[in-house]
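The values are calculated or read from the model by the stated rules, or taken from the named source; none is laboratory data. Source: prediction; values computed, not measured. Neighbour counts are summed over all protein chains in view; Cβ atoms, including those assigned to glycine, are modelled from backbone coordinates with ideal geometry. Note: accessible area is taken over every heavy atom of the protein model, side chains too, but ligands, DNA and RNA are not part of it. Shrake-Rupley method; radii C 1.70, N 1.55, O 1.52, S 1.80 Å.
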Amino acid sequence: MHKVQYGSDSSFPPPVYISVTNKIFLLTLRAASMEKKGRGAYLWTNHVHPLNYRENDKGHIVLVEKYRNGTLKRYVLDNDSEMKMFLEEHVPTTTGSQDLDISGMELSWLPNVIKDFVLPSGFPDTVSDDYLDYMLLQFPTNVTGWICHTLVTSSLLKALGSFSGTSAAATAAASAAAIRWVSKDGIGSLGRFFIGGRFGNLFDDDPKQWRMYADFIGSAGSIFDLCTPLYPSYFLPLASLGNLAKAVARGLKDPSFRVIQNHFAMAGNLGDVAAKEEVWEVAAELLGLFLGILALDTPGISKSYPTLALTWLSVRILHLWFRYQSLSVLQFNTINLKRARILVNSHVLHCTVPGIDKCNRMESVLLWERFLRPRIIFEVSLEEMINGGKFRSMQIKQLLNLYKEEKYILVINQQKPTDFQVFLSFKEGATSLSVLRSVWQTYWLYQNWGWSDNIFDRLEQSLVELKDRFPDLLQQLTDAGWDTNNLSLKVSKEMSIKELPALS
């Protein structure tokens with residue numbers, strides 16, 4: 001098969017991805033195959049054909065990228081310094097006689113997209129052995145509980161004046177009202193379902209940020225509720241949207257606060273801490289309800305919708321300000337990516353690290369990590385690194401040799417010279433300490449950018465500095481009270497690089 005593709009002037013053009021079941025394809029990326037097609041444009045000819053690289057290709061495998069879905073990319077450098085990429089797509093096979101062991105911890109029969117949605121990241125290695133058995137029994141427990149809730153709701157509504165009586169009409173009206181009310185709750189619950197499945201692995205890293213975002217989203221949900229008197233005919237959609245937003249907020253709030261509670265429980269007394277937190281919360285709830293009832297009894301508020309809305313807005317802004325202040329006083333001694341940036345930047349510039357109190361106060365509660373500078377882009381393939389670093393095929397061997405002692409590969413994206421950013425991917429066996437090392441190297445390059453035009457000189461010097469100064473960073477972190485044995489710096493499992501023998 002022959003494929004023609006237009007591309008920009010580059011020594012390593014984007015490969016062609018061919019999706020064929022259980023086949024290995026060779027994508028030959030040859031600079032010599034370019035044909036000039038006008039000013040600044042080239043015609044890349046990619047020869048794509050089935051091939052067993054172990055038997056028919058002569059060259060050295062320099063790197064293998066492994067993806068979570070089983071796909072492999074093998075990069076081969078042949079004797080002519082030509083880079084070739086083999087793409088092998090993994091297609092899971094099942095047999096009719098396969099035994100679906102539901103209680104088995106591997107759950108190999110379950111599609112990855114569902115497994116990632118309903119199970120914690122890293123399952124089963126990151127949870128106890130009894131986790132799955134408990135959740136499988138907890139699910140029907142919750143189902144039966146909500147069935148009871150639905151049935152009881154109709155009885156409560158029937159007891160209201162508009163549904164009083166024992167006639168069939170009153171019973172039917174109460175049931176219809178209960179269905180509408182429960183439907184509103186059900187639509188809202190979809191928010192928690194989505195948040196828990198899609199973003200469950202984020203709360204451990206930055207609970208302060210997600211707890212704050214929960215209040216912002218909850219405030220938006222309250223606005224929908226506040227609008228129901230203005231549009232009573234749209235009560236169900238408005239109330240459903242409000243419930244949806246507040247359910248999303250709860251999906252962010254609950255796991256975030258559990259992380260915060262765990263931080264408080266220094267003596268392993270999480271149950272006691274959680275119980276006493278309930279005391280504080282109920283006391284605040286009772287006081288807030290009392291003050292709210294007093295406000296509703298005030299004629300100026302209860303009889304004037306604009307006054308009511310303005311009062312709500314003022315109190316809500318005050319609520320958000322108190323929430324921000326409460327999160328700002330938290331002092332985590334664990335190192336997440338935001339705090340790692342602060343600590344590493346201080347060490348690179350001043351050879352010192354801030355203490356726990358100062359670093360937590362410097363940490364931004366609201367800002368997403370992706371908007372921080374310098375920007376670090378994780379899980380970047382070798383192909384993107386080579387394009388971004390403007391490397392030629394013959395320089396790939398030099399790049400890999402440069403990182404032979406590290407559990408990651410890091411390059412600077414030279415396609416955006418005005419916006420410093422690095423591409424980063426981790427090798428198999430990388431740990432949280434590997435992430436911290438990569439962040440230190442990133443900040444050294446960022447602070448010392450421009451001293452040399454040779455990209456390899458910069459990378460090599462940064463690795464020399466890393467080797468010499470990183471032990472001092474760890475020692476200072478330990479002396480300042482930081483928990484260096486439990487770093488909240490996760491290595492993503494979506495893509496990893498298989499470490500190969502050192503190239504000669």
Legend entry - CYS351, sole failed condition from (1) touching a residue at least 60 places away in the same chain (Cβ under 8 Å); (2) buried (at least 20 other Cβ atoms within 10 Å of the Cβ): (2)
Inset, instruction - Among the residues of the range 266-285, write down those that are under 19 Å from SER326 (Cβ atoms), aliphatic (A, V, I, L, M), surrounded by 10 or more Cβ atoms within 10 Å (Cβ to Cβ) and out of contact with any helix residue (DSSP H, G or I) (no Cβ under 7 Å at 6 or more places or on another chain). - result: VAL282, ALA283, ALA284
Inset, instruction - Inspect the range 417-433 for any residue being open to solvent by 10 Å² or more (accessible area, probe 1.4 Å), in a helix (DSSP H, G or I) and at pLDDT 90 or above and give the result as yes or no. - result: yes
Inset, instruction - State yes or no: is PHE456 over 20 Å from ARG339 (Cβ atoms), open to solvent by less than 20 Å² (accessible area, probe 1.4 Å) and either in a loop (DSSP other than H, G, I, E, B) or in contact with a helix residue (DSSP H, G or I) (Cβ under 9 Å, 6 or more places away or on another chain) (or both)? - result: yes
Inset, instruction - Being aliphatic (A, V, I, L, M), at pLDDT below 85 and surrounded by fewer than 15 Cβ atoms within 10 Å (Cβ to Cβ) narrows it down to one of MET385, MET394, so name that one. - result: MET394
Inset, instruction - Output the residue which, of all residues in the range 333-348 that are under 17 Å from the mean Cα position of the chain (by Cα) and open to solvent by 10 Å² or more (accessible area, probe 1.4 Å), is farthest from PRO471 (Cα to Cα). - result: LYS338
Inset, instruction - Test each condition in (1) closer than 20 Å to LEU473 by Cα; (2) touching a Ser or Thr at 6+ places or on another chain (Cβ under 8 Å) for VAL422 and report the one that comes out false. - result: (1)
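If a residue must be touching a residue at least 40 places away in the same chain (Cβ under 8 Å) and part of a helix (DSSP H, G or I), how many such residues does the range 223-240 contain?
4
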